[in-house]
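Heads up: the structure comes next, in structure tokens.
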Ligand code: SAH
């Protein structure tokens, strides 16, 4: 066991929020030496079945015996014990997709279901790390190209505008992801940037202004909500997004998204296993 001050714990996992809380209360809490413990279980949260399918088949994940469904949520949970490399460093992967909306029969994308799925998977499986993987729109003004994969550095909302001074930063909800300097150095194909979350696939002029203020490189519909739930559970949060469409380009988002969804799924299939392999056999402190 190690003694942590509350602010130290926040600084490690959620550096942005800890800065805000720094001048308020500081309480001492006791935490197990989690950072040094070998990572045993990794939760991977993916909103859409099509984004997850290549990973499910390449890892041969099966319906999770502990929680295939979390009724009444539509989420679907698959899992498997995966051994990486010659040393066979096994790690349990719990992959949750948001599932089909029962009224509209489409994937339940967006923040509501993502937060609920995150809550259930964190509560039921207590993973050592949660990775939100998926697709996103990218800004060409930030150097994004279709097919790029981002290891997101920070998440923020762009559609929670609350122009009351004490609520403004709550609305933006900025949370830094887990710092993974060793993984970044190893998987050099991963780009770095801020991800802005909102509940729409398209973007109004006001959204665009907010995303500019958020210094966003990528835009999607789940990450900031999932990060918030991870913050509540004090679970390290990692975010990997493959670019399907260019937000500030000449083509309509929905057309570009649908054209590139399968390709982005394959990019996730190439990249997420590298991230999982890097994590397996290591502790959070080693990342
Ligand atoms: N018509 C699509 C709808 C998918 S919604 C379909 O059902 O096939 C878009 C999903 O992809 C969300 O989960 C979101 O996180 C991600 N996404 C990809 N590009 C996006 C963009 N430019 N803006 C917002 N979300 C995007």
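Just so it is clear, none of the values below were taken in a lab; they were calculated from the coordinates. Small disclaimer: the values here were computed from a predicted structure and weren't measured. FYI the Cβ positions are ideal-geometry reconstructions off the backbone, even for glycines, and counts take in every protein chain you see.
A few notes on this one:
- Cα gyration tensor shape of region 162-275, rounded if a/c is under 1.5, else prolate or oblate by comparing a/b with b/c: oblate
- Using C-alpha pairs below 8 Å separated by at least 6 residues, the relative contact order for the chain is 25 percent.
- Volume of the convex hull of region 165-210 (Cα atoms only), normalised per residue: 122 Å³.
- Taking max minus min of the alpha-carbon positions on each principal axis, the chain gives extents of 53, 48, 41 Å, largest first.
- Candidates 111, 38, 135, ranked by Gaussian network fluctuation over the chain, Cα under 10 Å, top entry: 38
- Exposure proxy order (Cβ contacts within 10 Å, fewest to most) of 209, 87: 87, 209
- Antiparallel DSSP beta bridges within region 145-228, percent to nearest 5: 15 percent
- Extension reserve of the residue 162-residue 142 stretch, reckoned as 0.36 nm per residue once the Cα distance is removed: 4.5 nm
- Shape of region 66-217, Cα gyration tensor, a/c cut at 1.5: oblate
- Looking at region 38-280 alone, DSSP beta bridges between its own residues are antiparallel in about 40 percent of cases.
- Using the average count of surrounding beta-carbon atoms within 10 Å as a protection proxy, the listed peptides 215-223, 67-75 rank, highest first, as 215-223, 67-75.
- Gained length - residue 258 relative to residue 60, 0.36 nm times residue gap less alpha-carbon distance: 68.7 nm
- Per residue of the chain, the DSSP helices (runs of n ≥ 4 H) give a summed -39500 (n - 2.57) that works out to -10500 deg cm²/dmol at 222 nm.
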